[in-house]
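Let me begin by presenting the structure, written as structure tokens, before commenting on it.
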Amino acid sequence: MRALVLLVTLLAAASVAAQVTVQEYKLPPGRGAHDVWADPNPDGPVWISFQRSGHLGRLDPKTGQVDEIPLGSGSSPHGVIMSDDGTVWLTDGGQNAIVRVDPKTRDVKKWPLPDGGSGGGYANLNTAIFDKAGIHWFTGQSGVIGRLDPKTGDMKVWDAPRGRGPYGIHATPDGTVYFASLASSYVGRIDAKTDQVTVLEPPTPRQGARRVWSDSKGNVWVAEWNSGQLSRYDPRANQWKAWKAPGERPQVYAVYVDETDKVWISEWSSQTMMRFDPATEKFETFKSSSDSAGVRQIHGRKGEVWTPESAAGKIVVYRYR
């Protein structure tokens, strides 16, 4: 299905010199786009988890064409990522399984989560990431974290500290995996050798750490939903620093660090995208044409940040120099 493409040019509210081109792609109705992942190749597709319809979506940015791959009965995918071999992986809460799709053959393979025992049963799967060794790590809001070895199919799922809440997850350049617990307001660092979790607590109590992303230096950036802050954890110095997002009552949902180490966030209360420059400690604000966007997890590639507007039924890309 061909998407409707809209193209507008906006100026950053914080700096008239910072020009960003915003392009919008209308999605087929009723799909419920949740997360996106951009192929690193400049002309590559953008992958979308269609949570409501149970599909993997493939957007061709050049044509606006949207293709769909069904994931199975009862599917309701949340997160979507790519592996180095080009396959696409989804955390499928509806099927309570990790799902892999081969884009070339459209073959779908599933790894159901185990039943019973510690971390068993329904996980409310959320987000995943690959570490440097190629291990697939994932979170479940019911209170679990897990790992899957794609080569052997070996899966382990166990209880996270403090119960329910594990949400966003990412890995630093050296392969260390961090996750955020929304309900329990902490960031967890996973020891891949022992599967033990070190709880790291941001200075703001009950801040609602929702998503995490690493920069090129290994700093961990945290989207704080309850506090409306963007925070940073420096693992070398074991230090935290936080910045309040603009607005009266901001809620920071998602975070992504681009190739220049500038930090992008989706801010829920004003329905805007923001870019933060750690060097100047200043925010710039950008907006699509949607009054109600509902941007979930964001992703990007060189010169581009891609956002899923779950409330507006669009995929929007912010292109910058």
#### Entry: Pairwise label distance in nanometres, D107 with K244, each label 7 Å out on the Cα-Cβ vector
5.5
### Message
Taking all protein chains in place and a 1.4 Å probe, what share, in percent, of the accessible surface of the chain do carbon and sulfur account for?
### Response
47
### Task
Go ahead and collect, in residue order, the members of the stretch 28-62 whose backbone nitrogen is under 20 Å from a label point 7 Å along the Cα-Cβ direction of S292.
28-35, 51-53
### Qualifying lysines (Cα of each under 29 Å from Cα of K302; at least 8 residues distant if same chain)
K26, K62, K104, K132, K217, K241, K244, K262, K282, K287, K314
### Task
Round to a whole angstrom and tell me the spacing of the C-alpha centers of the stretch 68-124 and the stretch 32-64.
16
### Query
What number, in percent, do you get for the relative contact order of the chain if the mean sequence gap of Cα pairs under 8 Å and at least 6 apart is divided by its residue count?
14
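What is the stretch 133-206's relative contact order, in percent, from Cα pairs under 8 angstrom and six or more apart in sequence?
Numbers: 150 pairs, mean separation 14.9, N = 74.
This gives 20 percent for the stretch 133-206.
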### Message
Based on the alpha carbons, how large is the Rg to Rh ratio for the stretch 15-113 when Rh follows Kirkwood?
### Response
1.03
### Query
Which one, (i) 19; (ii) 7; (iii) 14, gives percent of Cα pairs over 39 Å apart as derived from the coordinates shown?
(ii)
### Chain lengthening between T63 and T21 when straightened (0.36 nm per residue, less Cα-Cα)
13.4 nm
### Query
Any idea how far the Cα center of the stretch 277-297 sits from the one of the stretch 217-231, in Å?
14
## Note on the structure
Going residue by residue through the stretch 83-92, the Karplus relation 6.51 cos²θ - 1.76 cosθ + 1.60 with θ = phi - 60° gives ³J(HN,Hα) values, rounded to whole Hz and with x marking Gly or Pro, of 9, 5, 8, x, 6, 10, 10, 10, 8, 9
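Sort E259, E309 by heavy-atom solvent-accessible area, probe 1.4 angstrom, most to least.
Values: E259 90, E309 0 Å².
Most to least solvent-accessible, the answer reads E259, E309.
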### Summary
Largest fluctuation, K287, K26, K217 only, Gaussian network model of the chain with Cα springs under 10 angstrom, belongs to K217
### Message
Defining a contact as two alpha carbons under 8 Å apart and six or more residues distant in sequence, what relative contact order in percent does the stretch 236-289 show?
### Response
24
### Summary
Sequence order, the stretch 230-241: Karplus ³J(HN,Hα) from phi using 6.51 cos²θ - 1.76 cosθ + 1.60, θ = phi - 60°, Hz rounded, Gly and Pro as x, gives 9, 10, 9, 10, 9, x, 5, 9, 6, 10, 10, 8
### Summary
HN-Hα couplings for the stretch 293-308 via Karplus (6.51, -1.76, 1.60; θ = phi - 60°), in whole Hz with x for Gly/Pro, come out as 9, x, 6, 8, 6, 10, 8, x, 8, 3, x, 9, 10, 9, 10, x
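The values are calculated or read from the model by the stated rules, or taken from the named source; none is laboratory data. Source: prediction; values computed, not measured. So basically every Cβ, Gly included, is an ideal-geometry build from the backbone, and we count neighbours across all protein chains shown. In case anyone asks, the SASA skips ligands and DNA or RNA and just uses the protein heavy atoms, side chains included. Shrake-Rupley method; radii C 1.70, N 1.55, O 1.52, S 1.80 Å.
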